[in-house]
Amino acid sequence: MDNTQYSEKVMEHFLNPHNVGELPDANGIGNVGNPICGDIMRLYIKVQDGRIVDAKFKTFGCGAAIATSSMVTDLVRGKTIDEALQISNKAVAEALGGLPKVKMHCSVLAEEALRAAIEDYRKKQGQ
Ligand code: FES
Ligand code: FES
């Protein structure tokens, strides 16, 4: 993948992101900011019986941030907490058919938001 070209999958998720919005009955919320560019993401998860049954996001950021947010909410659905913690920013980027090199930092936002949401969930459960 060269430095500026977006994959078709990235464009798909950017133009038509999945799971945008708030999740009123979320029991884990992750707020993160990207120190490199200042973009921000909020990720909501709903955990039931140890599994993430729903996820939504709001992202104020670039196309790659939107696409990776969209992809991570797809990827976590149905996963256990432990499985969700295995999802790396690289896995999110790969699921999107790759990201231009200069946009790899955008995928870190998705991974960190997911971790923050899980941490918040655990805190709320008193774990
Ligand atoms: Fe320009 Fe994120 S820094 S869109
Ligand atoms: Fe900031 Fe993409 S440029 S997340």
Taking 0.36 nm per residue of separation between residue 9 and residue 74 and subtracting their Cα-Cα distance, the length gained on full extension comes to 22.1 nm
Between 0 and 90°, nearest 10: helix 104-124 axis offset from the chain longest Cα axis: 0
Can you give the percent of C-alpha pairs in the chain whose distance is more than 22 Å? 27
Nearby lysines by direct alpha-carbon distance to residue 101 (threshold 17 angstrom, same-chain neighbours under 8 apart not counted): 9, 90
Pairs of Cα atoms under 8 Å, at least six residues apart: use those to get the relative contact order of segment 8-122, whole percent. 33
Check: C-alpha center segment 76-114 vs C-alpha center segment 13-42, spacing in Å is 13
Ellipticity estimate at 222 nm from DSSP helix runs (n ≥ 4, -39,500 (n - 2.57)) divided over the chain, nearest 500: -13000 deg cm²/dmol
Normalising by the residue count of segment 1-44, find the relative contact order in percent from Cα pairs under 8 Å and 6+ residues apart. 28
Hey, what angle do you get for helix 63-76 against the long axis of the chain, alpha-carbon based, 0 to 90 degrees rounded to 10? 40
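Values quoted throughout were computed directly from the atomic coordinates according to the rules given, and no laboratory measurement underlies them. Because the structure is a prediction, the values reported are computed rather than measured.
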